[in-house]
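Student: Mind looking over this structure? Questions follow.
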Amino acid sequence: MSDLNTTHRDVESTESLSIRELLIPLFRRKKTIIATFLTIFIVVFVGQLLMGPSYKSQMEILVNRERVDPLVSTQATTQMITANAPVMPEEVNSEMELLTSRDVLEKVAIANGMDKPAPGFSLGDLLHPHQTREDRIARAVKGLAKKIKAEVTTKTNLIEVTYTSGRPQQSYGVLHALGQAYAEKHNEVHGSTGSYEFFSQQTDAYEKKLADTEAKLRNFGTTSGVAAPDVQRTNLALQVANSIGAQHIAEEAIASDEERIASDQTQMANTPQRQTTTQTSAAADTLLSNLYASLLTAQTKRTQLALKYDPNYPLVKEADQEIAQTQAAIDQAEKERYSTQSTDRDTTYEFLRQDLAKTRGDLEAQRATLAATKKAVQSIQTQMVGLDKQAIAQNDLLREAKADETNYLLYQSKREEERTTDALNNTGIANVVIAVPPSIPVLPVVSWPLALVLSFGLGLILSIGLGYTLDFLDSSMHSSADVIEFLNIPVVITVPKKTA
């Protein structure tokens, strides 16, 4: 017996699962399965009949980069445009979020009259008897968010939008209003609201400011009395340099003249004012003539007395004495000589005196030149200070005019860019295009034959699934294999259950 059980178990373990074994649970639960199938089939089919046909409208939106909007900035910008730049998935996802945004759905609800009470009896009015317009819009937006399906077609930049309702006109109207509201939202988000007005105001303001600054520049020469202060300041700076050079030359000349005067005065002190031109000297001829005549007389008288008298005679001695005195007077007269000189002005002294006078005159002239030069330099420097202020004022006006002109041209360019952007928006030229516009659906989503097939298929699948589930949850044993597996006892014979 043990060998028989072992052989039976080995045979059963080696056999594969047959179709009969798969269908056994269904036959055991056939009543439940049939009941479930009929119930689901009837409920689904009747439910579809009660709900009526549904119509689906479809729309496709293409996201591309055919248009590049300028950056909204107060600075001059140069955009680098890359040809054939791919559209990033983030951009497509952003457009999908804009497509189903709350304000867009509100516009769609209002455009399709969902903010107004439905005509006739409505289950919503029964459930919410006191709802306001805002409540109806909010509920309509919530319903649209659930029913509007937006999906990205695989490996494309197309967004497929579908909406299903029980009325063809409503399905078309919702997607048509959605396309218009979405286009406006896209332009509003990617554009800059009010930028054209802003740049227009700035352009007008800088145009007026530029005109005022240019008027001040035109009147600058009249009001200040100087047409080109920079040029005049340069000329005056050259004059100041020349005057300072002349001032240094005058100072050098003054020092030279002072030194020359001192030298002339020193030389004049050591130089006589006059010099001897002729000098003659002679003895006293008249006196000598008289003395010689007296000596001759005295000698003649002594000779006469010597003839008469003795040499010791007083008269002779007196005559000798007279001769001796006369001879002494002659000797003395011969020793004393008279000189006659002729003098004239000394040429060196006169040259020094004239040079001194001329140098003193030059010194006074150089001192006057130095004083006048210093005064002129001070006057020119004062004028240069005034010209500096006027040049600064003129340069300020020039810089202001240049800045106003730059800003005016910049804002004018920005205004034209924004005007072009607004024109493109008004003409519908954007980076999103309704590639496939919605149309009014003619055929329902589910037809009568398809409803039967769907009801049959759904009932069959759910009933079979329920049969297997109940059999799996049933803990009773239905075959000898179950007895052997769970109780581990041999089975000799099995007797099938017979129904009465």
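The values are calculated or read from the model by the stated rules, or taken from the named source; none is laboratory data. Since the structure is predicted, the reported quantities are computational estimates derived from the model, not experimental observations. With ideal geometry, Cβ positions are generated from the backbone for all residues, glycine too; neighbour counts draw on all protein chains shown. When the accessible area is computed, the model is the full protein with side chains, heavy atoms only, and any ligands, DNA or RNA have been set aside. Shrake-Rupley method; radii C 1.70, N 1.55, O 1.52, S 1.80 Å.
Student: Taking the stated definitions as given, is Leu398 over 30 Å from Ala250 (Cβ atoms) and not charged (D, E, K, R)?
Tutor: Values: over 30 Å from Ala250 (Cβ atoms): yes; not charged (D, E, K, R): yes.
Here the answer is yes, as Leu398 does meet what is asked.
Student: While we're here: Restricting the search to region 216-238, which residues are open to solvent by 60 Å² or more (accessible area, probe 1.4 Å), farther than 10 Å from Leu387 by Cα and touching a helix residue (DSSP H, G or I) at 6+ places or on another chain (Cβ under 6 Å)?
Tutor: Lys216, Ala227
Student: Same structure, new question: Given Thr427, Thr373, Thr406, which one is at pLDDT below 75 and either open to solvent by 60 Å² or more (accessible area, probe 1.4 Å) or not aliphatic (A, V, I, L, M) (or both)? First the steps, then the outcome.
Tutor: On the way: Thr373 fails: at pLDDT below 75; Thr406 fails: at pLDDT below 75.
Result: Thr427 is the single residue among Thr427, Thr373, Thr406 that is at pLDDT below 75 and either open to solvent by 60 Å² or more (accessible area, probe 1.4 Å) or not aliphatic (A, V, I, L, M) (or both).
Student: Kindly indicate the residue of region 243-263 that is surrounded by fewer than 14 Cβ atoms within 10 Å (Cβ to Cβ) and not aliphatic (A, V, I, L, M) and also farthest from Arg399 (Cα to Cα) among those meeting that condition.
Tutor: Ranking the candidates gives Glu259 first.
Student: List the residue pairs whose Cβ atoms are under 6 Å apart, where the first residue sits in region 196-223 and is over 22 Å from Glu418 (Cα atoms) and modelled with pLDDT under 85, the second is open to solvent by 50 Å² or more (accessible area, probe 1.4 Å) and not in a helix (DSSP H, G or I), and the two are 6 or more positions apart or on different chains.
Tutor: Short answer, once both residue conditions are applied: Gly221/Ala227.
Student: Please list, ordered by first then second residue, the pairs with beta carbon atoms under 6 Å, 6 or more apart or interchain, first in region 144-170 and farther than 19 Å from Val432 by Cβ, second open to solvent by less than 50 Å² (accessible area, probe 1.4 Å) and of a type in the set (Phe, Trp, Tyr).
Tutor: Lys147/Tyr163; Pro168/Tyr55
Student: Does Thr340 count as surrounded by fewer than 16 Cβ atoms within 10 Å (Cβ to Cβ), over 60 Å from the mean Cα position of the chain (by Cα), at pLDDT below 80 and not in a loop (DSSP other than H, G, I, E, B)?
Tutor: Values: surrounded by fewer than 16 Cβ atoms within 10 Å (Cβ to Cβ): yes; over 60 Å from the mean Cα position of the chain (by Cα): yes; at pLDDT below 80: yes; not in a loop (DSSP other than H, G, I, E, B): yes.
It is true that Thr340 is surrounded by fewer than 16 Cβ atoms within 10 Å (Cβ to Cβ), over 60 Å from the mean Cα position of the chain (by Cα), at pLDDT below 80 and not in a loop (DSSP other than H, G, I, E, B).
Student: Six or more apart or on different chains, Cβ atoms under 7 Å: show the pairs whose first residue is in region 374-395 and over 11 Å from Asp230 (Cβ atoms) and whose second is open to solvent by 50 Å² or more (accessible area, probe 1.4 Å) and of a type in the set (S, T, N, Q).
Tutor: Correct list of pairs: Ile380/Gln239.
Student: Would you mention how many residues in region 152-175 are farther than 15 Å from Val108 by Cα and under 48 Å from the mean Cα position of the chain (by Cα)?
Tutor: Matching residues across region 152-175 total 9.
Student: Quick check: anything in region 129-147 within 15 Å of Arg167 (Cβ to Cβ), at pLDDT 80 or above and open to solvent by 60 Å² or more (accessible area, probe 1.4 Å)? Steps first, answer last, please.
Tutor: Of all residues in region 129-147, those within 15 Å of Arg167 (Cβ to Cβ) come to 140, 143-144, 147.
Then drop every residue that is not at pLDDT 80 or above, which leaves 140, 143-144, 147.
From what's left, open to solvent by 60 Å² or more (accessible area, probe 1.4 Å): 147.
Yes: region 129-147 contains one or more residues that are within 15 Å of Arg167 (Cβ to Cβ), at pLDDT 80 or above and open to solvent by 60 Å² or more (accessible area, probe 1.4 Å).
Student: Determine the pairs where a residue that is at pLDDT 80 or above, located within region 313-334, has a partner that is outside any helix (DSSP H, G or I) with Cβ atoms under 8 Å apart, the partner being 6 or more residues away or on another chain.
Tutor: Sorted first by the residue in region 313-334, then by its partner, the pairs are Lys317/Pro311; Asp320/Pro311.
Student: Could you run through region 307-321 and say how many residues are exposed (fewer than 15 other Cβ atoms within 10 Å of the Cβ) and among the β-branched types (Val, Ile, Thr)?
Tutor: 0
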